[in-house]
Amino acid sequence: MDATRPQSPVRVLVTKIGLDGHDRGSRIVAAYLRDAGMEVIYTPPWQAIEAVVALALQEDVEVIGVSSLATDHLIIPQLLSALRGAGLGHIAVLVGGIVPEDERAPLIEAGVKGIFGPGTSRTLVVDQVAQAASEARRLRNASFWENAS
């Protein structure tokens, strides 16, 4: 067993925020993650940021994967801010889809943990989601123990 993979199943929310309705890629990635033994909560397109934050809390996810084929990745910093505001700053946010090179740095600076473009291998996606989940669990547990003392 890979030491970087969490012991219990990773919980991932795969979603599309904003007005982009192209969801073929996100459905494929959701299947990859399920095939790898992860628990995937999949939403239909056109999700509001507030709804994604509420669902992330309700479902106790470690990772949120956001698919973007239009310019909806530009509102991901608002999602990250809303997650932090809800006490969910430990959740890793990954982005997949069409993200122009010059728009990647601001997403990483805002806190996005990874960006996957077209053609990214299944193995890379699964491994990076597992790694992001491990880090999210570590951060959540550290925060829990800080608040408990």
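The values are calculated or read from the model by the stated rules, or taken from the named source; none is laboratory data. Worth saying up front: this structure is predicted, and the values here are computed from it rather than measured. As a convention, Cβ positions derive from the backbone with ideal geometry for all residues, glycine included, and neighbour counts pool all protein chains shown.
Of note:
Okay, residues lined up against (1) farther than 18 Å from LEU13 by Cα; (2) among the β-branched types (Val, Ile, Thr):
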| site | (1), (2) |
| --- | --- |
| VAL52 | no, yes |
| GLU62 | no, no |
| GLN78 | no, no |
| GLY87 | no, no |
| ASP102 | yes, no |
| GLU109 | yes, no |
| THR123 | yes, yes |
| ARG138 | yes, no |
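- Single residue of ALA54, ALA36 found to be exposed (fewer than 14 other Cβ atoms within 10 Å of the Cβ) and more than 13 Å from the chain's Cα centre (by Cα): ALA54
- Where a residue in segment 64-83 is farther than 15 Å from ALA105 by Cα and its partner, wherever it lies, is acidic (Asp, Glu) and at pLDDT 95 or above, with Cβ under 8 Å and at least six apart: ALA82/GLU50
- Just so you know, in segment 64-118 the residues that are surrounded by fewer than 21 Cβ atoms within 10 Å (Cβ to Cβ) and hydroxyl-bearing (Ser, Thr, Tyr) include one that is nearest to GLU39 (Cα to Cα), and it is SER81.
- Set PRO77, PRO45: member being touching a helix residue (DSSP H, G or I) at 6+ places or on another chain (Cβ under 6 Å), of a type outside the set (Ser, Thr, Tyr) and over 19 Å from THR123 (Cα atoms): PRO77
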